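See structure below.
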Amino acid sequence: MMKRNKEKISKPVETIDTLVGTGSILQGDLEFTGGLRVDGHIKGHVSAQDSNNGTLVLSESGVVEGDINVPHVVINGTVRGNIASTGHVELQASAKITGDIHYKAVEMELGAVLNGSLVSDSSAPVYDVISGGAEQADASK
């Protein structure tokens, strides 16, 4: 039986409510709700209004020059700034990150480039996935 954290665990948003299209350049900070897909260029910080719910999808052509503070992040483009996530960060094969990533869970595909640090949120539960996730791993190892 898997131990559960008493905090409400958020799920990634499955719909895209906002789109920054290819060829678009947005200058300034962007705060959104729901799902955001970026195919264009954002010169500013990106954050979700709800700190427990929100998904950012950055396509291969997408660029963000600023910090990202979104619970669920899928990156396949370029980020020049720090990323803070209270949920899941997925770095796909074409991702190019220059900055630190603060995360609870991270997934990185072969080919993704990170020029910065991965910083784990130590308050998140750590599970031993090799043994099937059934037991919580000892964080002091």
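The values are calculated or read from the model by the stated rules, or taken from the named source; none is laboratory data. Since the model is a prediction, treat every value here as computed from it, not as a measurement. Positions of Cβ are generated from backbone atoms using ideal geometry, with glycine treated the same way; all protein chains shown enter the neighbour counts.
Laid out as a table, the results:
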| quantity | calculated |
| --- | --- |
| Condition check for ASN52: over 18 Å from MET108 (Cβ atoms) and touching a residue at least 40 places away in the same chain (Cβ under 8 Å) | yes |
| Breaking point among (1) at pLDDT 95 or above; (2) of a type outside the set (Gly, Ala, Ser); (3) in contact with a Phe, Trp or Tyr (Cβ under 7 Å, 6 or more places away or on another chain), for ASP121 | (1) |
| Residues of region 39-69 classified as among the β-branched types (Val, Ile, Thr) and closer than 16 Å to LEU118 by Cα, total | 1 |
| Some residue of region 6-15 being surrounded by fewer than 18 Cβ atoms within 10 Å (Cβ to Cβ), at pLDDT 95 or above and farther than 20 Å from GLU90 by Cα | no |
| Residue tally, condition closer than 12 Å to HIS45 by Cβ and either β-branched (Val, Ile, Thr) or touching a strand residue (DSSP E or B) at 6+ places or on another chain (Cβ under 6 Å) (or both), over region 67-93 | 7 |
| Residue count for region 59-68, restricted to those that are within 14 Å of the chain's Cα centre (by Cα) and buried (at least 21 other Cβ atoms within 10 Å of the Cβ) | 2 |
| Tally of residues being outside any strand (DSSP E or B), within 9 Å of ALA95 (Cα to Cα) and not acidic (Asp, Glu) across region 60-79 | 2 |
| Candidate set: region 69-80, residues that are buried (at least 19 other Cβ atoms within 10 Å of the Cβ) and of a type outside the set (S, T, N, Q); chosen: the one nearest to the chain's Cα centre (by Cα) | VAL73 |
| Residue, nearest to GLY35 (Cα to Cα), within region 80-108, restricted to residues that are not polar (S, T, N, Q) and not in a strand (DSSP E or B) | GLY87 |
| For THR86: the one exception among (1) of a type in the set (Ser, Thr, Tyr); (2) surrounded by 18 or more Cβ atoms within 10 Å (Cβ to Cβ); (3) at pLDDT 95 or above | (3) |
